[in-house]
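Data block below; observations after.
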Amino acid sequence: MISTRIAIASLLAAALAAPALAQPGPGKAGPRFRFNQDNVPGWTMMSQVERDAHRDRMFSFKTYDECKAYQEEHHKAMQARATEKGKTLGGPRYNACDRMKARGLIK
């Protein structure tokens, strides 16, 4: 009787645990890189369409130099927009190009 209860409890526990173990992991490079207010100056002044275009452009770069050149161009554009709106443009908490290079997304 006791062994039947233990067997049923074990079977139930295994059945409940199986879906959790079947979830995909973050992959070999870890979680996907995200662009947000932490690493994009002017993020809050951009429309969703502009944010999507910025993300797509950042992921299109193959080299660190391309990334940095665009990043500087984007920062100047956001600085102009901030000045126009009477706001102060803060800097990113970390550099997206540096992180992308460290993760092997660009060379």
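Among the residues of the range 49-61, is any assigned to a loop (DSSP other than H, G, I, E, B), over 14 Å from the mean Cα position of the chain (by Cα) and without any contact (Cβ under 8 Å) to a residue 24 or more places away in the chain? No: zero hits. In the range 75-107, the qualifying residues are those that are in contact (Cβ under 8 Å) with a residue 40 or more places away in the chain and assigned to a helix (DSSP H, G or I), and the one that is nearest to Lys62 (Cα to Cα) is Met100. Regarding the range 93-104, can at least one residue be identified that is among the aromatic types (Phe, Trp, Tyr) and either in contact with a Phe, Trp or Tyr (Cβ under 9 Å, 6 or more places away or on another chain) or at pLDDT 95 or above (or both)? No. Yes or no: the range 29-36 includes at least one residue that is assigned to a loop (DSSP other than H, G, I, E, B), surrounded by 13 or more Cβ atoms within 10 Å (Cβ to Cβ), modelled with pLDDT of 80 or more and under 24 Å from the mean Cα position of the chain (by Cα). Checked the range 29-36: at least one residue is assigned to a loop (DSSP other than H, G, I, E, B), surrounded by 13 or more Cβ atoms within 10 Å (Cβ to Cβ), modelled with pLDDT of 80 or more and under 24 Å from the mean Cα position of the chain (by Cα).
The values are calculated or read from the model by the stated rules, or taken from the named source; none is laboratory data. The structure displayed is predicted, hence computed values, not measured ones. Backbone-built Cβ (ideal geometry, glycine too); neighbour counts: all protein chains shown.
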